[in-house]
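In what follows, a single structure is set out as structure tokens and then discussed.
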Amino acid sequence: MIDRGYYGRFGGAYLPEILVATFDELVDTFENAKSDPAFWKEYTDIMSTYSCRPTPLSFAENLTGHFQGARFFIKREDLNHTGAHKANNVMGQGLLVKRMGKSRVIAETGAGQHGVATATMAAKFGFECTIYMGEVDVERQRPNVFWMERLGAEVIPVREGARILKDAINEAFRDWVTNMDTTHYVLGTVCGPHPFPEMVAYFQSIIGKEARRQILEREARLPTRIYACVGGGSNAMGIFSGFFDDPVELVGVEAAGQGLESGQHAARLSSEDASIGVAQGYKTYFLQDNDGQMKETHSVAAGLDYVGVSPILANLKETGRVRFEAATDREVVDAMSLTMQKEGLIPALESAHAFAQAFKEAPTLSKEEIVLINQSGRGDKDIFTVADAFADPKWQEFIKNKAEAYHA
């Protein structure tokens with residue numbers, strides 16, 4: 001990394017002048033916190049007493065037997081408070097907000113997990129909270145919207161653009177520009193202007209630190225391959241960071257949606273459809289047309305349909321340290337179903353992308369090898385989407401009866 005948060009040729013801080021002083025304050029606060037040994041201890045203490053750190057590493061005995069090859073282990077970020085890895089980042093940023101003396105937080109969210117986590121953090125620390133969420137995502141993630149509002153957050157549906165995650169980010173930045181003195185933007189992933197990619201990766205690195213220690217304690221050796229889904233890239237950076245210096249293959253799995261050839265996907269690093277550009281304050285690969293206009297994206301998982309990707313991961317792609325693949329909606333739903341039936345675990349649709357790719361590659365691995373999958377979130381938030389995907393007749397009857405009772 002070089003000055004102002006560049007990773008190779010990606011990253012940076014492309015900011016309007018009005019935000020420069022706010023970002024300088026954030027950079028200074030973050031750098032001071034990192035250099036203070038008491039800060040990491042404060043962070044790990046709150047995560048161990050308020051969330052569920054360290055999260056377990058589960059041996060997937062039945063999946064291992066099913067594929068008759070590599071031993072499968074699952075890092076259980078779904079057991080964090082609020083149901084995903086998002087708690088790691090928001091609690092860390094909440095501690096920074098306290099250091100800066102600000103009273104309000106805003107955030108964007110796609111799948112809703114980051115929104116719930118931010119609303120939870122705000123409730124604990126006593127901050128006012130506003131969450132921006134694309135109108136499309138509000139409808140498909142209604143349970144998370146319900147919980148955000150019950151936690152005291154104001155949820156604002158974004159009706160501009162494609163009405164998904166990228167549009168929610170745009171609205172959050174607009175809010176921040178007009179409320180800088182009192183407000184901190186709790187960006188949810190390893191994207192955006194410096195210091196957000198580095199800062200979010202720093203807090204999420206707790207995943208990789210734990211996973212490396214746990215697998216060595218359990219197996220006395222490192223995994224052969226690690227899989228993580230990639231939207232913006234925070235859970236992937238979290239687990240990968242523990243193994244960058246080890247001879248371990250790292251695989252990031254993006255959303256192939258209806259298929260890479262269909263154009264209805266969100267594959268930035270695993271397809272030929274993305275190109276390098278500057279948007280939302282940083283330089284990376286975006287799904288954009290020849291005029292630099294952002295394309296519409298698609299994924300069955302609301303948290304993976306972002307139009308850009310982490311500048312850190314873009315650099316890791318160019319240097320060859322991380323391999324990127326993509327899984328289709330159908331493969332993801334099938335992988336989720338198999339994981340539920342074999343292990344009694346319900347991965348989020350986002351996380352199920354990592355499972356899908358691991359399952360595709362399982363036949364190529366021997367019994368001596370170890371596979372580690374990051375289950376970044378739990379799937380109860382996806383009940384409406386998953387029930388529709390399964391075309392469950394009992395669920396359809398339930399929804400019909402509830403609608404009729406509501407309108408009676």
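Within the range 247-276, list the GluC sites (Glu not before Pro) lying in a DSSP loop whose Cβ has at most 16 other Cβ atoms in a 10 Å radius. Each step should come with its number before you reach the end.
Details: sites: E249, E254, E261, E272; in loops: E272.
Sites meeting the loop and neighbour criteria: E272.
Output the Cα-based Rg and Dmax of the range 293-408 in Å, rounding Rg to one decimal and Dmax to a whole number.
According to the Cα coordinates of the range 293-408, Rg and Dmax are 17.6, 61 Å.
Roughly what would the spin-label model give for D181 and R150, points 7 Å off Cα along C-beta, in nm?
That separation, rounded to one decimal, is 3.7 nm.
From the phi angles alone, apply the Karplus equation (6.51, -1.76, 1.60; θ = phi - 60°) to the range 399-404 and give each ³J(HN,Hα) in whole Hz, x where the residue is Gly or Pro.
5, 4, 5, 5, 5, 5
Could I get the Rg over Rh figure for the chain? Both from C-alpha atoms, Rh via Kirkwood, rounded to two places.
Radius of gyration over Kirkwood radius for the chain works out to 0.95.
If packing is taken as the average count of other Cβ atoms within 10 Å, what order do 132-142, 305-315 fall into, highest mean first? Don't skip to the end; give the middle numbers.
Values: 132-142: 22.0, 305-315: 28.4.
In descending order of packing, they fall as 305-315, 132-142.
Amide H of A13: which non-local residues (sequence gap of 5 or more, or other chain) have their own amide H closer than 5 Å, using H built in the peptide plane?
Amide H neighbours of A13, under 5 Å, 5+ apart: H194.
Hey, can you grab everything whose amide H is under 5 Å from the amide H of G8? Only 5+ residues off in sequence or another chain; H modelled, so Pro and N-termini drop out.
Hits under the 5 Å cutoff: I2.
For the range 49-57, what does the Karplus curve 6.51 cos²θ - 1.76 cosθ + 1.60, with θ = phi - 60°, yield as ³J(HN,Hα) per residue in whole Hz, taken in order and with x for Gly and Pro?
Residue by residue, the range 49-57 yields 9, 9, 10, 9, 9, x, 6, x, 10 Hz.
Between E249 and Y50, what is 0.36 nm times their sequence separation minus the Cα-Cα distance? Round to one decimal in nm.
Length difference between fully extended and current span is 68.4 nm.
If each Cα of the range 181-230 is one equal point scatterer, what is log10 of I(q)/I(0) from the Debye formula at q = 0.24 Å⁻¹?
For the range 181-230 at q = 0.24 Å⁻¹, log10 I(q)/I(0) is -0.94.
Once R0 is set to 30 Å, what does the formula 1/(1 + (r/R0)^6) return for the Cβ-Cβ distance between E296 and K360, expressed as a FRET efficiency to the nearest 0.05?
In this case the efficiency is close to 0.70.
Would you mind checking the pairs K367/K394; K75/K317; K166/K209; K283/K367; K124/K360 and listing those with alpha carbons more than 32 angstrom apart?
Over 32 Å Cα-Cα: K367/K394; K283/K367; K124/K360.
Cut-off is 10 Å between beta-carbons; in what order do C229, C191, C52, C129 appear when sorted fewest neighbours first?
Details: C229 33, C191 27, C52 16, C129 23.
Lowest to highest Cβ neighbour count: C52, C129, C191, C229.
At R0 = 41 Å, how high is the FRET efficiency between D388 and S35 if r is their beta carbon distance? Nearest 0.05 is fine.
Calculated transfer efficiency: 0.25.
What does the extension gain come out to for A123 and R218, with contour length at 0.36 nm per residue minus their alpha carbon separation?
30.5 nm
Take every Cα pair under 8 Å in the chain that's 6+ residues apart, average their separations, divide by the length, and report that relative contact order as a whole percent.
With pairs under 8 Å counted, the relative contact order is 20 percent.
On the first, second and third principal axes, largest extent first, how far apart are the outermost C-alpha atoms of the range 1-120 in Å?
The Cα atoms of the range 1-120 stretch 57, 37, 31 Å along the principal axes, largest first.
Nearest 0.05, what FRET efficiency do R9 and A408 give at R0 = 56 Å with Cβ-Cβ as r? Walk me through the numbers on the way to the answer.
Working: r = 61 Å, r/R0 = 1.08.
About 0.40, to the nearest 0.05.
So who's got an amide H within less than 5 Å of the one on A279, skipping anything under 5 residues away but keeping other chains? H placed 1.01 Å off N, in plane.
T284
Seen from all sides and averaged, what is the projected area of the convex hull of the Cα atoms in the range 94-160, in nm²? List each step's numbers first, then the result.
Details: hull surface 16.4 nm².
The directionally averaged projection comes out at 4.1 nm².
Please report how far the C-alpha centroid of the range 187-254 lies from that of the range 87-165, rounded to the nearest whole angstrom.
Each part reduced to its Cα centre gives a spacing of 23 Å.
Which whole-Hz ³J(HN,Hα) couplings does the range 131-145 yield from phi under the Karplus relation 6.51 cos²θ - 1.76 cosθ + 1.60, θ = phi - 60°, glycine and proline marked x?
10, 9, 8, x, 4, 4, 6, 4, 6, 8, 10, 4, x, 5, 4
Can you give the translational diffusion coefficient of the range 250-347 in µm²/s, computed by Stokes-Einstein from the Kirkwood radius over Cα pairs at 4 °C and 1.567 mPa s? Please report the intermediate quantities before stating the final value.
Working: Rh = 14.1 Å.
For the chosen part, D equals 92 µm²/s.
Since every read-out is calculated from the coordinates, none of them should be taken as a lab result. Since the model is a prediction, treat every value here as computed from it, not as a measurement. Here the Cβ is made from the backbone with ideal geometry for all residues, glycine too, and neighbour counts use every protein chain on show.
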